[in-house]
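Report on the following structure.
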Amino acid sequence: MEPSTTPFKIILGSSSVARRKILAEMGYEFTVLTADIDEKGIRKEKPEELVVALAEAKADAIVSKLLTANNQEKGAEPTILLAADTVVVYEGVIREKPSSKEEAWEFIKGYSGGQAATVSSVFVTNLKTGFRKGEWDRVEIYFHEIPDEVIEKLIEEGTVLYVAGGLIIEHPLIVPYVKQVVGTTDSVMGLPKSVTEKLLKEALQQ
């Protein structure tokens with residue numbers, strides 16, 4: 001499909017490199033807009049509710065940014081805003097980005113020989129029709145024992161410090177220690193393709 005024939009525009013409301021990569025893999029052209037929200041100010045008991053609430057808050061913040069810029073031309077093709085959020089759940093506890101190297105170490109050490117889950121949300125807003133909807137996807141991940149020196153290398157390399165739960169399953173250092181993934185890698189990376197496609201369809205059917 002030629003990107004120019006897409007009868008709608010997509011704005012990805014995320015600065016995540018992984019999410020950009022996944023959306024591009026899906027064949028979409030898009031622009032990126034981000035909004036800073038106070039994630040700690042939003043609390044929910046259930047991870048599924050939390051990620052949807054966080055993605056919705058991101059969407060709201062970007063929408064108000066756009067409204068101030070006032071650039072949704074009337075009669076133009078619809079613009080779909082995609083917001084997303086991911087948390088890791090470990091032994092029933094919600095984990096966001098590690099606050100320090102020590103916490104990242106603790107997180108990864110816990111996954112060693114154990115399991116964790118990721119819960120990712122997608123929240124779409126059709127800026128032309130006002131349609132808004134969010135859904136979530138959960139993936140279970142099982143790990144072999146992860147040697148301490150591998151954890152050290154991961155922390156030194158640094159990417160794990162910027163992701164929910166310090167959890168990366170596609171990292172070359174971690175790949176050999178991933179025992180089983182019940183779900184899809186794109187969902188773990190922060191943008192479940194199937195949920196994204198489904199919500200985009202619904203947003204455009206309005």
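Select from region 107-197 those GluC sites (Glu not before Pro) which occupy a DSSP coil region and have at most 16 other Cβ atoms within 10 Å, ordered by residue number. Could the numbers behind the result be given before it?
Numbers: sites: E135, E140, E145, E149, E152, E156, E157, E170, E197; in loops: E145, E170.
Sparse-neighbourhood loop GluC sites (Glu not before Pro): E145, E170.
Subtracting the Cα-Cα distance from 0.36 nm times the residue separation, let me have the gained length for M26 to S194 in nm, one decimal.
Numbers: separation 168, 0.36 × 168 = 60.48 nm, distance 1.01 nm.
Gain on stretching M26 to S194: 59.5 nm.
Scale the Cα Rg of the chain by the rule-of-thumb value 2.2 N^0.38 Å and send over the ratio, two decimals.
Numbers: Rg = 17.8 Å, N = 206, 2.2 N^0.38 = 16.7 Å.
Rg over 2.2 N^0.38 Å, computed on Cα atoms: 1.07.
Based on Cβ point charges of +1 for Lys and Arg and -1 for Asp and Glu, what charge dipole magnitude is obtained for region 78-119 about its Cα centre, in debye rounded to the nearest 20? Kindly include the intermediate steps, with their values, before the conclusion.
Values: 4 positive and 6 negative charges, 20 e Å.
Value, rounded to 20: 100 debye.
In degrees, nearest 10, range 0 to 90: what is the angle between the Cα axis of helix 47-69 and the longest Cα principal axis of the chain?
Tilt relative to the chain: about 40 degrees.
With unit charges on the beta carbons (Lys and Arg positive, Asp and Glu negative) and the dipole taken about the Cα centre of the chain, which residue among T118, T79, V32 sits farthest to the positive side?
Farthest towards the positive end: T79.
Give, rounded to the nearest 20 debye, the magnitude of the charge dipole that region 6-61 has about its Cα centre when Lys and Arg contribute +1 at Cβ and Asp and Glu contribute -1 at Cβ. If you can, show how the numbers build up before the last one.
Working: 9 positive and 10 negative charges, 31 e Å.
With only Lys, Arg, Asp and Glu charged at Cβ, the dipole is about 140 debye.
Semi-axes of region 110-206's equivalent ellipsoid from the Cα gyration tensor, sqrt of 5 times each eigenvalue, largest first, rounded to whole Å?
On the way: eigenvalues 219, 36, 16 Å².
Its equivalent ellipsoid spans semi-axes of 33, 13, 9 Å.
How far, in degrees from 0 to 90, does helix 193-205 lean away from the longest principal axis of the Cα atoms of the chain, to the nearest 10?
Tilt relative to the chain: about 20 degrees.
How big is the accessible area of T34 in square angstrom, nearest 10, if you roll a 1.4 angstrom probe over the protein chains?
Ignoring ligands and nucleic acids, T34 comes out at about 60 Å².
Assigning unit charges at the beta carbon (Lys, Arg +1; Asp, Glu -1) and nothing else, what dipole magnitude in debye, to the nearest 20, does the chain show about its Cα centre? Provide the component values of the computation, followed by the final result.
Numbers: 24 positive and 32 negative charges, 151 e Å.
With Lys and Arg at +1 and Asp and Glu at -1, about 720 debye.
Please identify the longest segment of the chain free of exposed trypsin sites (Lys or Arg not before Pro), where exposed means a DSSP state other than H, G, I, E or B and no more than 15 other Cβ atoms within 10 Å. Don't jump to the answer; show the numbers that get you there.
Working: sites that count: R43, K44, K74.
The reported range is 75-206.
What are the equivalent ellipsoid semi-axes of region 45-140, built from the alpha-carbon gyration tensor (square roots of five times its eigenvalues), in whole angstrom, biggest first? Walk me through the intermediate numbers first.
On the way: eigenvalues 239, 38, 17 Å².
In descending order, the three semi-axes are 35, 14, 9 Å.
Applying 1/(1 + (r/R0)^6) with R0 = 45 Å to the Cβ-Cβ distance of L173 and K65, what FRET efficiency is obtained, to the nearest 0.05?
Here the calculated transfer efficiency is 0.75.
The values are calculated or read from the model by the stated rules, or taken from the named source; none is laboratory data. All values derive from a computational prediction rather than experimental measurement. Note that we place each Cβ from the backbone using ideal geometry, even for glycine, and neighbour counts take in every protein chain shown. Ligands, DNA and RNA are excluded from the accessible area calculation, which covers all protein heavy atoms including side chains. Shrake-Rupley method; radii C 1.70, N 1.55, O 1.52, S 1.80 Å.
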